[in-house]
1. Given (1) surrounded by fewer than 22 Cβ atoms within 10 Å (Cβ to Cβ); (2) touching a Leu at 6+ places or on another chain (Cβ under 6 Å), identify the lone condition not met by Ile92.
2. Go through Ser221, Ser152 for me and flag whichever is crowded, with 24+ Cβ neighbours inside 10 Å, modelled with pLDDT of 95 or more and assigned to a helix (DSSP H, G or I).
3. Which is charged (D, E, K, R) and under 21 Å from Ala421 (Cα atoms), of Arg305, Arg350, Arg343, Arg372?
4. Which of the residues belonging to region 224-249 are outside any helix (DSSP H, G or I) and exposed (fewer than 15 other Cβ atoms within 10 Å of the Cβ)?
5. Report every pair of residues separated by at least 6 positions or lying on different chains whose Cβ atoms are under 8 Å apart, first residue within region 276-287 and crowded, with 19+ Cβ neighbours inside 10 Å, second charged (D, E, K, R).
6. Kindly indicate the residue of region 326-372 that is within 20 Å of the chain's Cα centre (by Cα) and not in a helix (DSSP H, G or I) and also farthest from Ser415 (Cα to Cα) among those meeting that condition.
7. Among Gly231, Gly183, Gly201, which is within 19 Å of Ile361 (Cβ to Cβ), without any contact (Cβ under 8 Å) to a residue 60 or more places away in the chain and touching a helix residue (DSSP H, G or I) at 6+ places or on another chain (Cβ under 9 Å)?
8. Examine region 431-447 for a residue that is buried (at least 20 other Cβ atoms within 10 Å of the Cβ), of a type in the set (Gly, Ala, Ser) and touching a residue at least 40 places away in the same chain (Cβ under 8 Å), and state whether such a residue exists.
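The values are calculated or read from the model by the stated rules, or taken from the named source; none is laboratory data. All values reported here derive from a predicted model rather than from experimental measurement. Every residue, glycine among them, receives a Cβ derived from its backbone with ideal geometry; neighbour counts consider all protein chains shown.
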Amino acid sequence: MSMPESQLRTWAIAGIALAVGVAIRVHNAFAYKMLWGFDALSNWRYIEYLTQTWVLPAPDAAWSTAHPPLYYYLCAAICRGLDDPDRAFNVIVLRLLASAVGLLTVALVVILVRRTDPDNLRRALLAGGLVLFLPVHIYMSAMLTEEILVTSLISLVIVGVALEQTGLSKPVWLAAGLGLIAGLAFLTKLTGVLVMVAAAGTYLIEGWRSRAMRPAILRASVLVLLTVLIGGWFFARNLVEYGYLYPHGLEVHKIMFSMPPGDRQIWDYLRIPLATWTDPQLLHPSLLRSVWGSTFVTMWFDGHRVFLPTNTPVVTHVGTAILLLALLPTAAFAVGFTRGVKRMLRGGRRPDTILILVTAITLAAYVLFTWRNPWFAVHKASFMLSLSLPFAYYASAVLDDWTHKNPLIRFAVWSVLAILAVLISGTFSFSELFWNMDHMSKPGVAW
């Protein structure tokens, strides 16, 4: 039986989009300058240290050694296996592997939509495209950092719990498996613990709703126990040997203490200035104190200028265009998230509980983190990259609804998304649209 023409067209567009998204990431793995990006040089030094010895260093031994070690040990093991003294070769391989792991999140959101909305192929592929062309996901894939790995691990747990919500009578080993993955996420980055809290909360809420608290408590306990055992030993070791679970204010990080603005106010979380769109770089006087304005800029553009050049006026204009167009999927997410909260409160069997909890907990953790660390450098959407799956899930539902409105609205929505994808593809293919290869320069805005 032949496939309908509309479905063939949908698959063809999805195939082209996937090829472009993969090509951008492969290109960036080779083209992005060695050890540029967030903490890349320090991360490489940590990896290089572990290629010489497996001994875990003290948290204050270097800039990155306070981080949970899984990513660094994996990279060191890969470099040992490659057995190549060329640093560039090793870094490129690690970037390519990170990009491949990052595509798992794209696949997972497609799977989740297909399982929960099986008759809507277009929405599933749209959801995958929203992650595939999310600027923060693209440029983080080119960096030597743990963010992409922890995002994919967290996404695995989210989807696993979401698909379990049809009932609590499944084998407890499924919860154990998710606890294992959550533990690996915890051992990759502190934010991994957040998905443990959200997953356990989901089991308990669904158990209460279905009057099956005993199996719910068992599943939540197994998940939490395994997560803590696998990921928590690193933090327990810090407490026993150094007197703190997680370091804050280490001497090795003292350069951050001189960064602006230097203090935090409630107003910083309530104000989104016009400069978010007109001059999207984080040292703009208006953006400097705007937590959410800065975060929006780093989600859809490059507010830190670690990927794009700093002194090219056309970059600002393209940034303005991207950030204005990005209001459409952002608004769609807000609408979809609100609908999800309403469904969750009504007790539906959709995957809303885990998606709502992980989003709310992650946002709350980000607020706490930026409050304790009042410096512009921590305004990063990459710290919340684990929300790319909930974002795509909810935004795709609303965008798909809008494309079923009258022809004018449908044309407007698809036009905005298409232009946005084209602009992002050109802008975030490193040094193709904007030349950024001055070997004497350092990436990032000068503060």
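1. Checking Ile92 against (1) surrounded by fewer than 22 Cβ atoms within 10 Å (Cβ to Cβ); (2) touching a Leu at 6+ places or on another chain (Cβ under 6 Å), the one that fails is (2).
2. Unique residue meeting the criteria: Ser152.
3. Step by step, each of Arg305, Arg350, Arg343, Arg372 is checked, and only Arg305 is charged (D, E, K, R) and under 21 Å from Ala421 (Cα atoms).
4. Step one: of region 224-249, the residues outside any helix (DSSP H, G or I) are 232, 243-249.
Correct list: Gly243, Tyr244, Leu245, Tyr246, His248, Gly249.
5. Cβ pairs passing all conditions: Gln281/Arg305; Leu287/Asp279.
6. Pro351
7. Values: Gly231 fails: without any contact (Cβ under 8 Å) to a residue 60 or more places away in the chain; Gly201 fails: without any contact (Cβ under 8 Å) to a residue 60 or more places away in the chain.
Every option except Gly183 fails the conditions.
8. No; the residues of region 431-447 include none that is buried (at least 20 other Cβ atoms within 10 Å of the Cβ), of a type in the set (Gly, Ala, Ser) and touching a residue at least 40 places away in the same chain (Cβ under 8 Å).
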